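Just below is one structure, and these are the notes that go with it.
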Amino acid sequence: MALFSVTAVAETPAPGTSGIEGTIVVSPTRPGPIRKDEEPSVAPVRNAQFLVKAGDATVKTFTTDGEGRFQVALPPGHYVIVKEGAVARIGRWRFEADVVASQMTKVNWTADSGMR
C-alpha cells in the first residue's frame, strides 16, 4: 500500500493562470518617532493568514511565507484582502486588487501596524 502526501507549494503559476502574487510587509514595527536619519521600521508579515473576499463572501484564504510572500490563484474580478483576526480599529490590514484573465496581478503591500 502506498502513502501519498499532498503539500501546497508556492510555484510558478501555469500559463493562463490568473490571481494575485506579491509581498506584505508591516510598518512601523516599533513605537516612537522616526528620526530624520533613520530608515522606517519595516518587517515582512510572516506566516499570517489572509481572507480574499468578493463582496461579503470569502472566496479563498492564503498564508504568507516567512518572507511575507504569497501567491493565490483567482478568477478575474475585484477582490478585498483582509488579515484574519485583525482588529478593525487598530492598524490597516485591508487591501484591494483587480485580477485580469490569464495574468497574475503583482502587488507589494504595506500594512499599518497602528503603532505610534
task: Whole number in Å², please: accessible area per residue of region 37-116, 1.4 Å probe, ligands, DNA and RNA not counted.
output: 62 Å²
- request: Quick one: grab the alpha carbon gyration tensor of region 25-116, order the square roots of its eigenvalues as a ≥ b ≥ c, and give me rounded if a/c is under 1.5, else prolate or oblate depending on whether a/b is larger than b/c.
  value: prolate
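The values are calculated or read from the model by the stated rules, or taken from the named source; none is laboratory data. Nothing here was measured: the structure is a model prediction, and the numbers come from that model. In case anyone asks, the SASA skips ligands and DNA or RNA and just uses the protein heavy atoms, side chains included. Shrake-Rupley method; radii C 1.70, N 1.55, O 1.52, S 1.80 Å.
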